[in-house]
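Trainee: Have a look at this one.
The values are calculated or read from the model by the stated rules, or taken from the named source; none is laboratory data. The structure presented is a predicted model; accordingly, all values stated were derived computationally and were not measured. Positions of Cβ are generated from backbone atoms using ideal geometry, with glycine treated the same way; all protein chains shown enter the neighbour counts. Calculation scope for accessible area: heavy atoms of the full protein, side chains included, ligands and nucleic acids excluded. Shrake-Rupley method; radii C 1.70, N 1.55, O 1.52, S 1.80 Å.
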Amino acid sequence: MGAGHAHKLFRHGHSPIHALPAHCKLAATFAFVLVVVSTPREAVWAFGLYALLVAAAAAVARIPAVFLLRRLLIEVPFVLFAVLMPFVAEGERVEVLGMSLSVSGLWGAWNVLAKGTLGVAASVLLASTTELRALLLGLQQLKLPPLLVQIASFMIRYGDVVTDELRRMSIARRSRGFEARGIRHWGVLAKTAGALFIRSYERGERVYLAMVSRGYAGSMPVIDEVSATRAQWAYAAALPVTALAVCLMGWTL
């Protein structure tokens, strides 16, 4: 179903969250993100409570704050987009530190930053406590279309293979004295990209033929299906259910 090695986001541990079946954690993370997105942006206090819930889950999983914060850097492009919104949005304006900012843009920026950060944090926490192979099996148990699961598994399995191939090609270029220093070297880099595409395509064909020769008929076999108990489902549901209570208060207060 995928590579046996652990990915960089995963942090090995023996916490109660690590021990939960992957499909329970996937369902809980999806439900939590859905609740966060459904919360009105004016309920600023609710997002603070969501952040505390994520921090509590990270503490239970024994995930260091530094580890979590470093992986949150992936949302930097969204942060930059949010920063520009108060300057380019139209409507009522307000003076902040001598700058004229749009009120609707400020609310929009807050909405993107708060909900985006919480969603990314929940996803990073999921990846930090679940191995890639377990995630794929969890998606399969949640009845995600098998073709999508297979595509994801091959992307994960052969992403490192293609990266290693590119690294070897780079070493070969440098060993021959090549260094990309300007636009005149773009042709060589383009040929490298073309050669990498052809090698990857040929490898894909060989892998497919090997799978067919071993009886592959369009679906991957499930080797070790993990079932979840009611207690595990209840434990996983603690985060989204608590968040749902906060969301309902945000709409009523």
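Trainee: Among the numbered criteria (1) in contact (Cβ under 8 Å) with a residue 24 or more places away in the chain; (2) touching a helix residue (DSSP H, G or I) at 6+ places or on another chain (Cβ under 6 Å); (3) more than 30 Å from Ala56 (Cβ to Cβ); (4) open to solvent by 70 Å² or more (accessible area, probe 1.4 Å), which one does Arg157 miss?
Mentor: Every condition holds for Arg157 apart from (2).
Trainee: Tell me whether region 187-210 contains one or more residues that are open to solvent by 80 Å² or more (accessible area, probe 1.4 Å) and not in a helix (DSSP H, G or I).
Mentor: So in region 187-210, the residues open to solvent by 80 Å² or more (accessible area, probe 1.4 Å) come out as 191, 197-199, 201-203, 205-206, 208-209.
Pick out the ones that are also not in a helix (DSSP H, G or I) and you get none.
No, the conditions are met nowhere in region 187-210.
Trainee: Going by what's in this entry, would Ala180 be described as open to solvent by less than 90 Å² (accessible area, probe 1.4 Å), in a helix (DSSP H, G or I) and out of contact with any strand residue (DSSP E or B) (no Cβ under 8 Å at 6 or more places or on another chain)?
Mentor: Values: open to solvent by less than 90 Å² (accessible area, probe 1.4 Å): yes; in a helix (DSSP H, G or I): no; out of contact with any strand residue (DSSP E or B) (no Cβ under 8 Å at 6 or more places or on another chain): yes.
Criteria not met by Ala180.
Trainee: Confirm whether Ala245 is under 30 Å from Phe32 (Cβ atoms) and among the hydrophobic types (A, V, I, L, M, F, W, C). Even if it seems obvious, please write down each step before you answer.
Mentor: On the way: under 30 Å from Phe32 (Cβ atoms): yes; among the hydrophobic types (A, V, I, L, M, F, W, C): yes.
Against the criterion (under 30 Å from Phe32 (Cβ atoms) and among the hydrophobic types (A, V, I, L, M, F, W, C)), Ala245 qualifies.
Trainee: Quick test of your reading of the structure: Ala46 fulfils all but one of (1) in a helix (DSSP H, G or I); (2) under 30 Å from Ser227 (Cα atoms). Name the failing condition by number.
Mentor: It fails just one condition, (2).
Trainee: Right, here's the next one. Looking at region 91-111, can you tell me whether even one residue there is within 20 Å of the chain's Cα centre (by Cα) and under 22 Å from Pro40 (Cα atoms)? Give the steps one after another, and end with the answer.
Mentor: To start, the set of residues in region 91-111 that are within 20 Å of the chain's Cα centre (by Cα) comprises 111.
Remaining after also requiring under 22 Å from Pro40 (Cα atoms): 111.
Within region 91-111 (the criterion being within 20 Å of the chain's Cα centre (by Cα) and under 22 Å from Pro40 (Cα atoms)), the answer is yes, since at least one residue qualifies.
Trainee: One residue is enough: does region 220-227 have a residue meeting the conditions of a type outside the set (Asp, Glu), open to solvent by less than 50 Å² (accessible area, probe 1.4 Å), touching a Ser or Thr at 6+ places or on another chain (Cβ under 9 Å) and at pLDDT below 85? Write out each step before concluding.
Mentor: Looking only at region 220-227, we keep the residues that are of a type outside the set (Asp, Glu), and these are 220-223, 226-227.
From what is left, the residues that are open to solvent by less than 50 Å² (accessible area, probe 1.4 Å) are 220.
Filter once more, keeping what is touching a Ser or Thr at 6+ places or on another chain (Cβ under 9 Å): 220.
Filter once more, keeping what is at pLDDT below 85: 220.
So far as region 220-227 goes, yes, one or more of its residues are of a type outside the set (Asp, Glu), open to solvent by less than 50 Å² (accessible area, probe 1.4 Å), touching a Ser or Thr at 6+ places or on another chain (Cβ under 9 Å) and at pLDDT below 85.
Trainee: Quick check on region 58-67. Is at least one of its residues β-branched (Val, Ile, Thr) and outside any helix (DSSP H, G or I)?
Mentor: Keep residues of region 58-67 that are β-branched (Val, Ile, Thr), which gives 60, 63, 66.
Add one more test, that the residue is outside any helix (DSSP H, G or I), and what stays is 63.
Within region 58-67, one or more residues are β-branched (Val, Ile, Thr) and outside any helix (DSSP H, G or I).
Trainee: Only residues that are among the hydroxyl-bearing types (Ser, Thr, Tyr), surrounded by fewer than 18 Cβ atoms within 10 Å (Cβ to Cβ) and in a loop (DSSP other than H, G, I, E, B): list them for region 95-148, please.
Mentor: Residues satisfying the conditions do not exist here.
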